[in-house]
Amino acid sequence: MGSTVEIKKTFELRSERVKSIDLHPTAPWVLLGLHSGNVCIWNHHSQVIEKTFEIANSRVRSAKFIARKEWIVIGADDGFIRVYNYNTMENIIEFKAHSDFIRSLIVHPSRSYLLSASDDKLVKLWDWENDWECTKTFEGHEHYVMQLAFNPRDANDFASISLDRTIKFWDLGSMDLRLSINGHTEGLNSVEFFEDDGKLYILTGSDDHTAKVWDYESMTCVQTLEGHTHNVTSFQIVKLDASFIITGSEDQTVRVWNMKTYNLDHVFTSELGRVWTIEFIEDSSKIILGCDEGILVGQVISSGY
């Protein structure tokens, strides 16, 4: 027996370009970062926008929930990090974090740490329990740092990717580069760790129009996913009755790949332009795509054969 999967559109919300999506861990909230400089909290149950934060006249490329503090944290093109209480909408703090666009923010799963990545080629570690002091700066990339990801098995370990075509691995305990591998023939846009059958893998997406799956232990590429006709911007791992990789691209499609065979199962075309970011709501099997003209929501349907 095998499985195939398809995506059926269920909803769209038109807006400015959506470059960032984050899911609240308990509430039915989706945090949307917009090119307009606004950030919205959209309820995926009621399908209404519950709150809008007017941040700055500066594009937002990354916004995250810090649910244990009831905060949202936002990185913008003006180099500022801004923090708001999402219940009271109070501005907790804002500070100049980088000298260029902030591309990616990630929140440590247990410690009071935020990592930020920027076009200034730096990754910085911020400690909110220490007055948001920058406690470490990670240097080594030679171009814009596009995205960051924590290792799910060891949150002291993280990866960064850049338009310099490399994946770099770091440890929070040191500012020294632990490992660097050349990932693609063009710049990288996205990175994520995932586990499958007890093994740890890394997924990367690139301007060379491909996504690659890497064995973390050996740091070798085990599969190249080819088929997109433009830059691969984002992806999600989807586990239903089988496991799938869903990749998004500036070619206005998302593609669904079977994780066992790496065969292409399905192509879904966005009606709202290029796809910039993807999130998957596990308990409802819904996928949310952030696009040029808003968000698309689709039902991910898996069927055995």
Fill in the blank from the handout: Picking from Ser118, Ser104, the residue that is touching a Ser or Thr at 6+ places or on another chain (Cβ under 6 Å), surrounded by 19 or more Cβ atoms within 10 Å (Cβ to Cβ) and not aliphatic (A, V, I, L, M) would be Ser104
Exercise for the section: Report, ordered by the first and then the second residue, all pairs with beta carbons closer than 7 Å, sequence separation of six or more or different chains, a first member in the stretch 106-120 that is in contact (Cβ under 8 Å) with a residue 12 or more places away in the chain, and a second member that is part of a loop (DSSP other than H, G, I, E, B) and open to solvent by 20 Å² or more (accessible area, probe 1.4 Å). Expected result: Ser118/Asp100; Ser118/Phe101; Asp119/Asp100; Asp119/Phe101; Asp119/Tyr144; Asp120/Ser99; Asp120/Asp100
Exercise for the section: Would you mind listing the strands (runs of 3 or more DSSP E) fully within the stretch 156-232 where at least 1 residues are within 23 Å of Arg61 (Cα to Cα)? Expected result: 166-171, 188-196, 199-206, 210-215
Completion exercise
Only unsatisfied item for Ala97, checking (1) under 26 Å from Ser174 (Cα atoms); (2) open to solvent by less than 40 Å² (accessible area, probe 1.4 Å); (3) of a type outside the set (Val, Ile, Thr); (4) out of contact with any Gly (no Cβ under 9 Å at 6 or more places or on another chain), is (4)
Exercise for the section: Among residues belonging to the stretch 173-217 that are free of Cβ contacts under 8 Å to residues at least 12 places away in the same chain and more than 22 Å from His141 (Cα to Cα), point out the one that is least open to solvent (accessible area, probe 1.4 Å). Expected result: Gly198
Exercise for the section: Working only within the stretch 149-168, note down all residues that are in contact with a Lys or Arg (Cβ under 9 Å, 6 or more places away or on another chain), surrounded by 18 or more Cβ atoms within 10 Å (Cβ to Cβ) and either of a type in the set (A, V, I, L, M, F, W, C) or more than 21 Å from Ser112 (Cβ to Cβ) (or both). Expected result: Ala159, Ile161, Ser162, Asp164, Lys168
Problem - Count - residues of the stretch 48-66 that are free of Cβ contacts under 8 Å to residues at least 40 places away in the same chain, in contact with a strand residue (DSSP E or B) (Cβ under 9 Å, 6 or more places away or on another chain) and open to solvent by 30 Å² or more (accessible area, probe 1.4 Å) - result: 6
Exercise for the section: Scan the stretch 281-303 for residues that are open to solvent by 30 Å² or more (accessible area, probe 1.4 Å), of a type outside the set (Gly, Ala, Ser) and part of a strand (DSSP E or B) and jot them down. Expected result: Lys286, Gln299, Ile301
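The values are calculated or read from the model by the stated rules, or taken from the named source; none is laboratory data. Being a predicted model, the structure only gives us computed values, none of them experimental. FYI the Cβ positions are ideal-geometry reconstructions off the backbone, even for glycines, and counts take in every protein chain you see. Just so you know, the surface numbers come from the protein's heavy atoms only, side chains and all, with ligands and any DNA or RNA stripped out. Shrake-Rupley method; radii C 1.70, N 1.55, O 1.52, S 1.80 Å.
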